[in-house]
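J.: Quick one: the structure is below, questions incoming.
Derivation of every value follows stated rules applied to the coordinates shown; laboratory data play no part. The model shown is predicted, which means the values in this text are computed figures rather than measured ones. Backbone-built Cβ (ideal geometry, glycine too); neighbour counts: all protein chains shown.
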Ligand SMILES: NC(=O)c1ccc[n+]([C@@H]2O[C@H](COP(=O)([O-])OP(=O)(O)OC[C@H]3O[C@@H](n4cnc5c(N)ncnc54)[C@H](O)[C@@H]3O)[C@@H](O)[C@H]2O)c1
Ligand SMILES: [Zn+2]
Ligand SMILES: [Zn+2]
C-alpha cells in the first residue's frame, strides 16, 4: 500500500531544505519498501541541497539509511518482510562488465539510477501528486522508501540500525578507501586531510590496517580531538599552518598514503604534496564540477607517485557492508562513537546547520 511519510526535501538549490509529508508508492517488480530506522546526514546531502552535486530538485535527500523491509515486490527472493537492510546509493546490476569484474561502484547501469530508480521512474510524490527525485536511487531521509533490490544490502538483525546506517556511506567510504582503494599495508605512514564523518573513518581504517603513523589534518580543532579517539597518532591544524603538506612532511618524512576527504582541488594538491616517494594520494572528497587541482607533473614518474579516486570506498556493497559490520561486532571498528547527536526528522534543518558548523562526527536522523 502507499504510505504517507515525512521526508527531507530539497525544493531549490537556493533555499533551505524542508520537511514535507510525501506519498511513497508500494514496490514494483524487484523492489522493496523499507521503514527507515535511521539515516545519517552526509556532506553530500548538503552538497545536493546547495547544487554543488547537481541532482535536480525537487529531490528527497538521504543515502545513508537503515531500516526494516515492510513490503516486497513481485520477483523478490533475496529479501522478506522484517529483514534489516542498509541502503546503497550505488545501484549494482551484477551483470555488466564492471560488476562482473568485481567493480560494482562503477556499474555501467548505475547512471540510470542517480535520481530515480533504475527504470527511470520514482515511487515518491508530493502532496500535490508531483514526482520527487530521490538522491542516489535512495531518498532514505524519509520515514519510508521504496528501493530497487540492487540498492539494498541485507544485514545481521542484531546490529543497532543507527550504527548500521552509517555503513551505507561514511564508514564504507572512509574505511573502504583504505582497505579497498589504497590497500594500506601494516607499517604504512598515512595522512587524512579533512576528518569529518568520512575522514574519521579513513583514520580508523588506517588504524585497523596497522598503519605506523596516522596524521589527521583539519581546520577545526574539535575534529582533531575526535581524530585522536579514532586512532590518529599526530594532528595538524590546517588553519594555523601556512602549508599543511609541509607540516605533514615534517612529522613523517612524507606519507605512503594521503586521503583527501574535503572535496577541494587545493586540498588534493596538499595531499599529493605530502607524499613520500612511491606514495599514493586517494581523492575521496567530492569537489564542485568546475574545480581543478594542480600537481607537479615531473614528480609522477620521478617519484613513482599515484593519484587515484575512490567512490564509496571501491565497495562491493553486498560483501563489504556485512564485512564492516562484522569488524564492528569484533570491536575492531568504532561505530557507536561516530554518532555524536541524533535528531528527529522535524529537526532535520538543525542537523544540516550543525553539519555546516562542523559540530558532529556524524549527525543521525532517527525515525520512530
Ligand atoms: N567519494 C565518495 O564516495 C564520497 C562519499 C561520501 C562523501 N564524500 C565527500 O567527502 C567529503 C567529506 O564528507 P563528510 O561527510 O565527511 O563531510 P564533513 O563536513 O563531515 O567533513 C569535512 C571536514 O573537512 C574539514 N575541512 C574543511 N576545509 C578543510 C581544509 N582546507 N583542510 C582540512 N580540512 C578541511 C572540515 O572541518 C570537516 O571536518 C565531502 O566532499 C563529501 O561530499 C565522498
Ligand atoms: Zn554520503
Ligand atoms: Zn553493473
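J.: Post the alpha-carbon centroid distance, segment 240-255 to segment 88-128, in whole angstrom.
T.: Between the Cα centres of segment 240-255 and segment 88-128 lies a distance of 40 Å.
J.: If contacts are Cα pairs under 8 angstrom and at least 6 residues apart, what is the relative contact order of the chain in percent?
T.: 17 percent.
J.: To the nearest 500 deg cm²/dmol, what mean residue ellipticity at 222 nm is calculated for the chain from DSSP H runs of n ≥ 4 alone, each contributing -39,500 (n - 2.57), summed and divided by the residues?
T.: After summing the helix terms and dividing by the residues of the chain, the value is -7000 deg cm²/dmol.
J.: List the relative contact order of segment 248-368 as a percent without decimals, with contacts defined as Cα pairs under 8 Å and 6+ residues apart.
T.: 17 percent
J.: Could you list the residues of segment 269-287 with an amide nitrogen less than 16 Å from a label point located 7 Å from the Cα of residue 183 in the Cα-to-C-beta direction?
T.: 279-282
J.: Taking the Cα atoms of segment 174-310, report the difference between the largest and smallest coordinate on each principal axis, in whole Å and largest first.
T.: 37, 30, 27
J.: Work out, step by step, the length gained on full extension between residue 119 and residue 290: first 0.36 nm times the residue separation, then minus their alpha carbon distance; give nm to one decimal. Could you put the intermediate results ahead of the total?
T.: Details: separation 171, 0.36 × 171 = 61.56 nm, distance 2.96 nm.
Stretched out fully, the residue 119 to residue 290 stretch lengthens by 58.6 nm.
J.: Multiply the residue separation of residue 340 and residue 13 by 0.36 nm, subtract the distance between their alpha-carbon atoms, and state the gained length in nm to one decimal.
T.: Values: separation 327, 0.36 × 327 = 117.72 nm, distance 2.71 nm.
Taking 0.36 nm per residue and subtracting the Cα distance, the gain is 115.0 nm.
J.: Quote the FRET efficiency, to the nearest 0.05, computed for residue 277 versus residue 240 with a Förster distance R0 of 25 Å and r equal to the Cβ-Cβ distance.
T.: That gives a FRET efficiency of 0.35.
J.: Let me ask something else about it. In whole Å and largest first, what semi-axes does the C-alpha gyration tensor of segment 231-368 yield when each eigenvalue is scaled by 5 and square-rooted? Don't skip to the end; give the middle numbers.
T.: Numbers: eigenvalues 195, 76, 52 Å².
For segment 231-368, the ellipsoid semi-axes come out as 31, 20, 16 Å.
J.: Then there is this: Can you pull the one-decimal nm distance between simple spin-label points at residue 29 and residue 308, each 7 Å off the Cα toward Cβ?
T.: 3.8 nm
J.: Where does segment 57-140 land on the Kirkwood hydrodynamic radius, alpha-carbon pairs, in angstrom?
T.: After inverting the mean inverse Cα-Cα distance, the result is 13.9 Å.
J.: With a 10 Å cut-off between alpha carbons and a GNM built on the chain, which of 140, 100, 167 moves the most?
T.: Result for the chain, Cα springs under 10 Å: 100 fluctuates most.
J.: Suppose we keep just the DSSP beta bridges with both residues in the chain; what percent of those would be antiparallel, to 5?
T.: Expressed as a percentage, antiparallel bridges in the chain total about 55.
J.: Using a basic spin-label model with each label point 7 Å from the Cα along Cα→Cβ, how many nm lie between residue 326 and residue 357?
T.: The two pseudo-label positions are separated by 4.1 nm.
J.: While we're on this one: Can you give the Kirkwood hydrodynamic radius of segment 105-218 from its Cα pairs, in Å with one decimal? All intermediate terms of the calculation are to be shown ahead of the outcome.
T.: Working: mean 1/r = 0.0611 Å⁻¹.
Result for segment 105-218 stands at 16.4 Å.
J.: Taking only Cα atoms, what is the 0 to 90° angle, nearest 10, from helix 317-329's long axis to the longest principal axis of the chain?
T.: 70 degrees
J.: Using Cα springs under 10 Å in a Gaussian network model of the chain, which residue among 239, 274, 310 shows the largest mean-square fluctuation?
T.: Top of the fluctuation ranking is 239.
J.: If the convex hull of the alpha-carbon atoms of segment 23-80 is projected onto planes in all directions, what is the mean projected area in square nanometres?
T.: Answer in nm², one decimal: 4.8.
J.: To continue, here is another question. Please list 299-309, 214-224, 355-365 highest first by mean number of surrounding beta-carbon atoms within 10 Å per residue.
T.: The packing order, highest mean first, is 214-224, 355-365, 299-309.
J.: Hey, another quick one. Roughly speaking, what is the stretch gain from residue 131 to residue 98, that is 0.36 nm per residue apart minus the C-alpha to C-alpha distance, in nm to one decimal?
T.: Once the chain is fully extended between residue 131 and residue 98, it gains 8.8 nm.
J.: A further question on this structure: Normalised by the residues of segment 152-280, what does the relative contact order come to in percent, with Cα pairs under 8 Å and at least six apart?
T.: Result for segment 152-280 is 23 percent.
J.: Follow-up. Dividing the alpha-carbon radius of gyration of segment 162-210 by 2.2 N^0.38 Å (N being the number of residues), what value is obtained? Don't jump to the answer; show the numbers that get you there.
T.: Details: Rg = 10.3 Å, N = 49, 2.2 N^0.38 = 9.7 Å.
In units of the 2.2 N^0.38 Å rule of thumb, it is 1.07.
J.: With the alpha-carbon atoms as the only input, what is the per residue convex hull volume for the chain in Å³?
T.: 126 Å³
J.: So how far, in whole Å, is the C-alpha centre of segment 312-343 from the one of segment 1-75?
T.: Centre-to-centre distance over Cα atoms comes out at 21 Å.
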